[in-house]
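The values are calculated or read from the model by the stated rules, or taken from the named source; none is laboratory data. Keep in mind that this is a model prediction, so the values were computed, not measured. Cβ sites come from the backbone with ideal geometry, for glycine too, and all protein chains shown count toward neighbours. In case anyone asks, the SASA skips ligands and DNA or RNA and just uses the protein heavy atoms, side chains included. Shrake-Rupley method; radii C 1.70, N 1.55, O 1.52, S 1.80 Å.
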Amino acid sequence: RHVAACERPERTQRRRLLALLKHNAKTDIGQRHSFSTIHDVDTFRQRVPINRWEDISDEMGQLISGNMTLRIADSTCFFATSSGTTGKRKLIPITPGFVEEFRSSRRVWTRTLISELPGIVRGKLLTMHSPGTEDLAPGIRCGAITAALSTLDPDHDRPFEAVPAAVYFVEDFATRYFLCLRFALCEPVSLVAAVNPSTLMLFAQTFASRWQQLQTAIATGDLGADLVIGDSWRVRLQQRATPMPEVAQAIGDSAKANGGVPRLVDVWPRLCGLCCWKAGSARWYLPQLEKHYGKVPILDYGYVATEGSFAVPLSVNGAASVLTPQAHFLEFMPDDDVASCLDGSKPTLMLHQLDAGKRYRVVITNGAGLYRYDINDVVEVVGYWRHSPEVVFVQKGGSMSSLTGEKLGESPVVQAFEVAMAKLNFDILGFVVSPLFPHHNAGITTPH
């Protein structure tokens, strides 16, 4: 299905759009813009303006109170929370149609994972879940989109995961990471995965800084010392902790061989790869990951967000992902001429009209009640697979400093630090960039 969609992306996208409009024609927004009489992309562009979250936040908020027919034909009892990258968190209704759109793209990613990293079947997965949800209204809950797509039950472990499900319900942040490693180090982990590579670094940093506590707990069969955890969770998890002196010995041997700091790859000989974002600012973490996990392939998670799954990688090479025409309906605004698309003087571009080497802002229409929604992402087209563009995420739109007209973006800052660290042969975990104005310079000596 993915190959067929990418062979004829224009037809696939048009069908996707018309199916969404037909399904939601009787909603308030559908009647307001006469969705039932829209039969082509041009008419859709003319009738529905491009919008941002601030334009629709009030109406989206009313969905929570049960007035679903404002924007969606389906009912829902769960809203996914965005990370709030560009402001307050957003609440995206998770409808059956949206779930199918999302999964149609992720199925392609899963196929890539299995074909590119076949060794995963010889071990287990280490990841981090966010199962926590909260009440928004009677019968309505919200949480991470992963909680909406796959319910996690503390009483039922997942057979291919290295960590008991109950661990993810421990509230204390540091304790949760410690316990993940406490159990995962005793399993034949073959894959470590998280959308953000900072999560993989937190696993590694927890191991590097607390390896002696972990070693003791594993050797003795204890849960661990200095844990911030409720009695009920402690009792439940303690029953799962068994002594494994051979693992404790492997940790100690790795520490001796690596200057007093063990490496995860030494404890997990079956580790065949990692999964995380590799583009944008995420690429900063990639060289650091190799020091802890070894030189293993890294598969990008693809261009995915709470609002949808838009593109998937087809190999572990690079960070490019192929836009999936069969999932959501997508439009694009040239990054150097966004204003013309916003005021309607120039039309947005469809998926098949993009040029390699150029950057675009992404506009989405999906089954979650978002119509011509400017998601504020900038992607760069790096090539084509069949007839569908391959893109790399660059940065959020508007992530630009222009104090004196210099137009300094996030991507070149990351690149500058990569070059500087390579030349200096010096490692740092992260960085913050801030302007230093002349009146703040008093008493500061510039290093030479």
Checking Gln215, Gln249, Gln395 against a Gaussian network model of the chain (alpha-carbon springs below 10 Å), the top fluctuating residue turns out to be Gln249
The chain, Gaussian network, Cα under 10 Å: of Thr43, Thr348, Thr365, the residue fluctuating most is Thr43
Simple SL model, points at 7 angstrom along Cα→Cβ for Glu246 and Ala137; separation in nm is 5.7
Most mobile of Gln212, Gln46, Gln288 per a Gaussian network model of the chain (Cα springs, under 10 Å)? Gln46
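Averaging sequence separations of C-alpha pairs under 8 Å and six or more residues apart, then dividing by the length of the range 174-298, give the relative contact order as a whole percent.
RCO, the range 174-298: 33 percent.
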Cβ charges +1 (Lys, Arg) and -1 (Asp, Glu), total dipole of the chain, debye: 800
Over the chain, calculate the relative contact order: mean separation of alpha carbon pairs under 8 Å at least 6 apart, over the residue count, as a percent. 16
Long pairs among Lys22/Lys278; Lys88/Lys291; Lys278/Lys423; Lys295/Lys423; Lys346/Lys396, criterion Cα-Cα beyond 26 Å: Lys22/Lys278; Lys88/Lys291
Can you tell me how much longer the chain between Ile114 and His156 gets when fully stretched, taken as 0.36 nm per residue apart minus their C-alpha distance, in nm with one decimal? 12.7 nm
Helix 173-184 versus the longest principal axis of the chain: what is the Cα-based angle in degrees, 0 to 90, to the nearest 10? 70
Rg [Å, one decimal], Dmax [Å, integer] - the chain, C-alpha atoms: 24.0, 72
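What's the carbon and sulfur percent of the range 78-174's accessible surface, probe 1.4 angstrom, rounded to a whole number?
Answer for the range 78-174 is 56 percent, counting heavy atoms of protein chains only.
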Could you give the size of the charge dipole of the range 29-181 about its Cα centre, using +1 on the Cβ of each K and R and -1 on the Cβ of each D and E, expressed in debye and rounded to the nearest 20? 400
Placing +1 at every Lys and Arg Cβ and -1 at every Asp and Glu Cβ, with all other atoms neutral, what dipole size does the range 146-258 have around its Cα centre, in debye to the nearest 20? 180
per DSSP, antiparallel bridges as share of beta bridges in the chain, % nearest 5, sits at 75
How large, in percent, is the carbon and sulfur part of the accessible surface of the range 198-237 at a probe radius of 1.4 Å? 51
Angle, helix 96-116 long axis vs. longest principal axis of the chain, Cα atoms, 0 to 90°, nearest 10? 50
Whole-Å distance, taken between Cα centres, linking the range 171-238 and the range 329-374: 43
Would you mind working out the accessible area per residue for the range 222-366, using a 1.4 Å probe, and quoting it in Å²? 42
